[in-house]
Amino acid sequence: FFQACIFDLDGVLVNTAHYHFLSWKQITNRWKVTFTEQDNESLKGLSREDSLSRLLHITGKQLTPAEREQALIEKNELFRQYLTQMTPDDVLPGVTACLRFLKENHIRLAVASSSKNARMVLQKTELTPWFDVIVDGTEIEKAKPDPEVFLKAAARLNIQPHQAIVFEDAKAGVEAALAGGFCCVGVGQADILQQAHLIIPDFASISPSDLWISLSGLSA
Ligand code: BG6
Ligand code: MG
């Protein structure tokens, strides 16, 4: 039976996935190239650097190394402007009830995020105290779809991958979880997250007790 839940942060616990998109969108507007929310799906979960590479690939834009560096700085400045305005209202619907339910049932909780801003996001949204373990983008060498961030979280929880369930909204994140040997719940669109063991649209669409029953089936 599972002992822990490991959550991706952006797009699973908080609505920051949209802020990451809006930040990149301001940059692509300046480049005068098309970049849609659907295009953004393949950037989700990737590190800042890998997101930029992917963005250049999608849009066909070319940058010098110095321009690349500048784009990364600008993107983070734009994202951090959203971050300063963030409050507990940015926690996605149903998330707190789910965390409370899991905690009451003695499940240990972790966050495993590719973001170097993860601790700040958790602080602004007042989610930090829920988690036994937090691993962020400053502590890993290989970003998702590499499983490193999830394996590090499991090691710190002192459990094996098969004893934990990962929650992910990104294709790269689901791939990372599966590569690490974890059970994975996709949170979002079924067509994008089809490799996950279970898919829920969001935490507001399922009661904590129904989710619990589904999770028990997964890890039986
Ligand atoms: C992930 C997001 O959590 O963090 C990605 O899904 C983002 O969109 C990545 O690129 C890196 O975030 P940051 O805050 O270090 O730029
Ligand atoms: Mg995410």
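The values are calculated or read from the model by the stated rules, or taken from the named source; none is laboratory data. Nothing here was measured: the structure is a model prediction, and the numbers come from that model. FYI the Cβ positions are ideal-geometry reconstructions off the backbone, even for glycines, and counts take in every protein chain you see.
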- Just name the residue that is farthest from ligand 1 (Cβ to nearest atom) out of those in the stretch 1-49 that are touching a Gly at 6+ places or on another chain (Cβ under 8 Å) and part of a loop (DSSP other than H, G, I, E, B). Val33
- Item | Lone unmet requirement of (1) modelled with pLDDT under 95; (2) under 15 Å from the mean Cα position of the chain (by Cα); (3) over 21 Å from Phe21 (Cα atoms) for Ala143 | (3)
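Of all residues in the stretch 1-29, count the ones that are within 12 Å of ligand 2 (Cβ to nearest atom) and not hydrophobic (A, V, I, L, M, F, W, C).
Of the stretch 1-29, the ones within 12 Å of ligand 2 (Cβ to nearest atom) are 7-21.
Those still in the list that are not hydrophobic (A, V, I, L, M, F, W, C) too: 8, 10-11, 15-16, 18-20.
So the count comes out to 8.
Within 14 Å of ligand 2 (Cβ to nearest atom) and of a type outside the set (Val, Ile, Thr) - does that describe any residue in the stretch 56-79?
Step one: list which residues in the stretch 56-79 are within 14 Å of ligand 2 (Cβ to nearest atom), which gives 79.
Still in the list and also of a type outside the set (Val, Ile, Thr): 79.
Checked against the condition, which is being within 14 Å of ligand 2 (Cβ to nearest atom) and of a type outside the set (Val, Ile, Thr), the stretch 56-79 yields at least one hit.
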- Message: Among the residues of the stretch 64-80, are any within 14 Å of ligand 1 (Cβ to nearest atom), touching a residue at least 60 places away in the same chain (Cβ under 8 Å) and of a type outside the set (Ser, Thr, Tyr)?
- Response: yes
- Could you grab me the full set of residues in the stretch 84-98 that are farther than 18 Å from Leu109 by Cα and not in a loop (DSSP other than H, G, I, E, B)? Thr84, Pro88, Asp89, Asp90
- Note on the structure: Across (1) touching a helix residue (DSSP H, G or I) at 6+ places or on another chain (Cβ under 6 Å); (2) free of Cβ contacts under 8 Å to residues at least 60 places away in the same chain; (3) more than 16 Å from ligand 2 (Cβ to nearest atom); (4) over 26 Å from Pro147 (Cβ atoms), Leu99 clears everything bar (4)
- Query: Residues of the stretch 134-174 being more than 11 Å from ligand 1 (Cβ to nearest atom), assigned to a helix (DSSP H, G or I) and of a type in the set (Gly, Ala, Ser), which ones?
  - Reply: Ala153, Ala154, Ala155
- Among the residues of the stretch 1-18 satisfying the criterion of being among the aromatic types (Phe, Trp, Tyr) and surrounded by fewer than 22 Cβ atoms within 10 Å (Cβ to Cβ), which is modelled with the lowest pLDDT? Phe1
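Of the residues that make up the stretch 72-83, is at least one modelled with pLDDT of 95 or more and part of a loop (DSSP other than H, G, I, E, B)? Give the derivation first.
Going residue by residue through the stretch 72-83, those that are modelled with pLDDT of 95 or more are 72-83.
Still in the list and also part of a loop (DSSP other than H, G, I, E, B): none.
No: the stretch 72-83 contains no residue that is modelled with pLDDT of 95 or more and part of a loop (DSSP other than H, G, I, E, B).
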- Output yes when any residue across the stretch 106-121 is modelled with pLDDT of 95 or more, under 14 Å from the mean Cα position of the chain (by Cα) and surrounded by fewer than 19 Cβ atoms within 10 Å (Cβ to Cβ), and no when none is. yes
